[in-house]
Amino acid sequence: MGDPRRRGVGIRFIPREALPNHKEISGGKMIGVITGSGIPGASGPPEDTPFGKTSGPLVMREVAGKPVLFLGRHGPGHALPAHRIPHRANIWALYAKGASAILSVASVGGIDQSLTPGDYLVLDDILDFTWPPSFYEGPGGPKVPQGDDLPSALINNGVVVHANFTEPFCPALRKTLLAALKDMGLSVRDGGTYAQTRGPRLESAAEIKALGILGAHVVGMTMGSEASLARELGVCFVGLAVVANMAAGVRGAQPAGSEITEAMARIEKEIAIVIEEFVARASPEEAERCACREHPYAGIASKAWREKLGKG
């Protein structure tokens with residue numbers, strides 16, 4: 001069940017002024033955590049990025065003796081609906097402040113009949129037809145502060161990158177997260193396909209039936225975009241899905257937004273411990289050496305740029 005002395009120790013606040021600057025990107029060895037709403041006790045303005053403002057303040061806390069960056073995708077008080085979340089700003093801010101690995105936690109609706117509310121899934125695939133955002137817009141796209149990292153150079157030079165999304169989630173981080181959940185004795189599934197819909201409305205029973213036929217186990221509105229953007233930057237990304245309700249029509253379910261919010265509130269403390277257990281095991285240094293880092297290189301469409309980087 002893990003070290004009881006570490007369990008529930010809490011997440012210690014670190015002053016905002018301690019956040020690093022973009023020029024420290026290449027040495028970034030922190031873990032980023034994305035949750036639903038704002039971080040308890042967090043205050044301050046959102047971060048300004050070349051892609052607009054983040055959903056809310058970027059907060060650095062100490063977890064299991066390590067600095068961790070937290071960001072609530074829906075902003076303080078769940079102010080932003082799914083279709084208005086500034087995913088590019090959120091992922092860029094975490095990357096620019098030094099996150100080499102990201103854990104994303106999200107509530108989902110269960111599509112697979114074997115799931116029940118309260119189950120956890122360490123996801124291994126994504127089904128997303130929502131036109132996810134990209135950092136690589138080609139010539140004329142936004143410019144970013146130039147560090148010594150490859151993604152910044154590619155973005156600023158309008159280079160087209162086709163990121164490999166065969167395995168959307170980092171295999172190494174998946175093992176780490178699974179170990180944390182199993183050690184806590186929680187009901188967890190190793191694998192599962194996350195279907196992303198646009199929102200903010202919930203899905204129809206027919207839509208859920210179709211997604212199930214296509215292979216989806218759960219449905220949500222956010223994680224596909226986050227995973228895609230992290231992959232474009234070469235950041236290791238792992239997704240933890242928490243079944244808050246059964247999706248529309250599954251065993252007669254008619255989900256409501258309030259049901260989802262209440263379900264997540266009931267297990268808020270449990271999720272905090274999961275995050276703590278994950279961070280205690282995760283190694284940002286290993287993320288720096290992970291194969292995920294190679295995806296920006298591998299996706300470069302320009303032969304001239306591949307040759308310039310010795311990847312031709």
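The values are calculated or read from the model by the stated rules, or taken from the named source; none is laboratory data. Given the structure is predicted, the values throughout are model-derived calculations rather than measurements. FYI the Cβ positions are ideal-geometry reconstructions off the backbone, even for glycines, and counts take in every protein chain you see.
Key figures
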| quantity | calculated |
| --- | --- |
| Selected residue (criterion: nearest to Ile260 (Cα to Cα)) from residues of segment 37-81 that are crowded, with 19+ Cβ neighbours inside 10 Å and in contact with a His (Cβ under 9 Å, 6 or more places away or on another chain) | Ser37 |
| Residue check, Leu154 within 29 Å of Leu309 (Cβ to Cβ), crowded, with 20+ Cβ neighbours inside 10 Å and either touching a Cys at 6+ places or on another chain (Cβ under 9 Å) or not aliphatic (A, V, I, L, M) (or both) | no |
| Some residue of segment 115-123 being within 23 Å of Met30 (Cα to Cα), buried (at least 22 other Cβ atoms within 10 Å of the Cβ) and either modelled with pLDDT of 95 or more or over 15 Å from the mean Cα position of the chain (by Cα) (or both) | yes |
| Test: residue in segment 20-33 that is modelled with pLDDT under 80, part of a helix (DSSP H, G or I) and polar (S, T, N, Q) | yes |
| From the options Tyr136, Tyr95, residue that is touching a residue at least 60 places away in the same chain (Cβ under 8 Å) and within 16 Å of the chain's Cα centre (by Cα) | Tyr95 |
| 3 or more residues closer than 30 Å to Gly65 by Cα and in contact (Cβ under 8 Å) with a residue 24 or more places away in the chain: qualifying helices (runs of 4 or more DSSP H) within segment 268-312 | 268-281, 284-289 |
| Residues that are under 13 Å from Glu232 (Cβ atoms) and touching a strand residue (DSSP E or B) at 6+ places or on another chain (Cβ under 7 Å), drawn from segment 285-300 | Cys292, Pro296, Gly299, Ile300 |
| Which listed residue, of Ala263, Ala247, Ala195, Ala210, is small (Gly, Ala, Ser), touching a helix residue (DSSP H, G or I) at 6+ places or on another chain (Cβ under 6 Å) and farther than 30 Å from Ser152 by Cα | Ala247 |
| Some residue of segment 140-155 being of a type in the set (D, E, K, R), touching a Ser or Thr at 6+ places or on another chain (Cβ under 7 Å) and in contact (Cβ under 8 Å) with a residue 12 or more places away in the chain | yes |
| Selection status of Glu276, modelled with pLDDT of 90 or more, among the acidic types (Asp, Glu) and more than 15 Å from Val160 (Cβ to Cβ) | yes |
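Results for (1) of a type in the set (Lys, Arg); (2) outside any helix (DSSP H, G or I); (3) exposed (fewer than 14 other Cβ atoms within 10 Å of the Cβ); (4) within 21 Å of the chain's Cα centre (by Cα), shown as yes or no for each residue.
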| position | (1), (2), (3), (4) |
| --- | --- |
| Gly185 | no, yes, yes, no |
| Leu202 | no, yes, no, yes |
| Ala210 | no, no, yes, no |
| Arg231 | yes, no, no, yes |
| Leu240 | no, yes, no, yes |
| Asn245 | no, yes, no, yes |
| Arg251 | yes, no, yes, no |
| Gln254 | no, yes, yes, no |
| Glu262 | no, no, yes, no |
